[in-house]
Amino acid sequence: MNLSTPKQYLNLGGCPLLSHTLTAMGACNLIDEILIVIPEKDFDFCIKKIIPQSRLQVVPRLVAGGMKRQESVYNGLKAVNNKSRIIVIHDGVRPFIHPEQIETCIAGAKEFGACIQGIPVYDTLKETDDLSWITNTLPRKGVWLAQTPQAFSAQIIKKAHENALCNGFTGTDDASLVELLGEKVKILNGSRFNIKITDQEDLKLAEAIMGYRALGEHLGTGTK
């Protein structure tokens, strides 16, 4: 973002991004525990500024994150209630996830053991060299863009993270760790609205989606 404020705390429609995400997670009736994994130095800010705007029925617990995403997720896994059978992992900067999509992902994890959301690739895929010259056109059939939430049986995802740690493997998402373990992962249709806000263009798109949703609520229609 090239901003001093971490992207998860940027304002979107009057609330921090993370507050929108927490509101959606808290609206899912199947979730009975929420852990927010953030830098420990942000705990006080989160308690005062993020949680109060999240309209949560469940009081979340704060967990100190690590240097990288995978370490942060592992810290969260170690703090999850041992009675939990299904664990859902979601990016804090995907604020447009819908509670019904979370429920679908959880149902998939119950049935298959591991389930994520994603969208099929529609654009043509090009492979390039280090100088950005195209070297190949890749087939897009069967290729998906992975999203979160990603839901897993507690036993599988904990074992996957421990296995990755032992083997020095770093994945770009949690499903890749489960794949390394030799377990199958089911992917279900997500939503193109479920964007991950990473740069300034994403933030502008998020503002447009917020406006579209507000218009839909005014007209009595909805967007997922």
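Side notes on the structure shown:
- When Gly108, Gly66, Gly142 are checked against the criterion of being surrounded by 20 or more Cβ atoms within 10 Å (Cβ to Cβ), of a type in the set (Gly, Ala, Ser) and not in a strand (DSSP E or B), a single residue qualifies: Gly108.
- In segment 35-63, of all residues being of a type in the set (Val, Ile, Thr) and assigned to a helix (DSSP H, G or I), the one that is surrounded by the most Cβ atoms within 10 Å (Cβ to Cβ) corresponds to Ile50.
- Among the residues of segment 145-168, just one is in a helix (DSSP H, G or I) and within 16 Å of the chain's Cα centre (by Cα), namely Ile157.
- Considering (1) over 21 Å from Thr23 (Cβ atoms); (2) part of a loop (DSSP other than H, G, I, E, B); (3) touching a Phe, Trp or Tyr at 6+ places or on another chain (Cβ under 6 Å), the lone condition that Asn82 does not fulfil carries the number (3).
- Matching residues in segment 62-120 - criterion: being within 21 Å of Lys159 (Cα to Cα), small (Gly, Ala, Ser) and touching a residue at least 24 places away in the same chain (Cβ under 8 Å): Ala64, Gly65, Ser72, Gly76, Ala79, Ser84, Gly108, Ala109, Gly113, Ala114
- Of everything in segment 173-192 that is more than 25 Å from Ala24 (Cβ to Cβ) and among the acidic types (Asp, Glu), the residue that is surrounded by the most Cβ atoms within 10 Å (Cβ to Cβ) is Glu183.
- Of all the listed residues (Ile51, Ile89), the sole one being within 16 Å of the chain's Cα centre (by Cα) and of a type outside the set (Ser, Thr, Tyr) is Ile89.
- When the criteria are applied in full, Cys28 meets the requirement of being within 15 Å of Gln150 (Cβ to Cβ), out of contact with any Phe, Trp or Tyr (no Cβ under 6 Å at 6 or more places or on another chain) and in contact (Cβ under 8 Å) with a residue 12 or more places away in the chain.
- Pairs with Cβ under 8 Å, 6+ apart, first in segment 175-192 and among the acidic types (Asp, Glu) and modelled with pLDDT of 95 or more, second part of a loop (DSSP other than H, G, I, E, B) and surrounded by 15 or more Cβ atoms within 10 Å (Cβ to Cβ): Glu179/Val185; Glu183/Gly113
- Hits in segment 169-183 - residues which are in a loop (DSSP other than H, G, I, E, B) and of a type in the set (Asp, Glu): Asp173, Glu183
- Meets criteria (buried (at least 16 other Cβ atoms within 10 Å of the Cβ), touching a residue at least 24 places away in the same chain (Cβ under 8 Å), among the hydrophobic types (A, V, I, L, M, F, W, C) and farther than 28 Å from Lys68 by Cβ) for Ile209: yes
- When residues of segment 160-172 are limited to those that are in contact (Cβ under 8 Å) with a residue 24 or more places away in the chain and buried (at least 20 other Cβ atoms within 10 Å of the Cβ), the one nearest to Ser72 (Cα to Cα): His161
- When restricted to residues that are surrounded by fewer than 23 Cβ atoms within 10 Å (Cβ to Cβ) and either part of a strand (DSSP E or B) or touching a strand residue (DSSP E or B) at 6+ places or on another chain (Cβ under 8 Å) (or both), segment 112-128 contains 11.
- Only a single criterion out of (1) under 24 Å from Gly171 (Cβ atoms); (2) out of contact with any His (no Cβ under 9 Å at 6 or more places or on another chain); (3) outside any strand (DSSP E or B) is not satisfied by Ile97, namely (2).
The values are calculated or read from the model by the stated rules, or taken from the named source; none is laboratory data. The shown structure was predicted, so the numbers you read here are calculated from the model rather than taken from an experiment. Methodologically, a virtual Cβ is constructed for each residue, glycine included, from the backbone with ideal geometry; neighbour enumeration extends over all protein chains shown.
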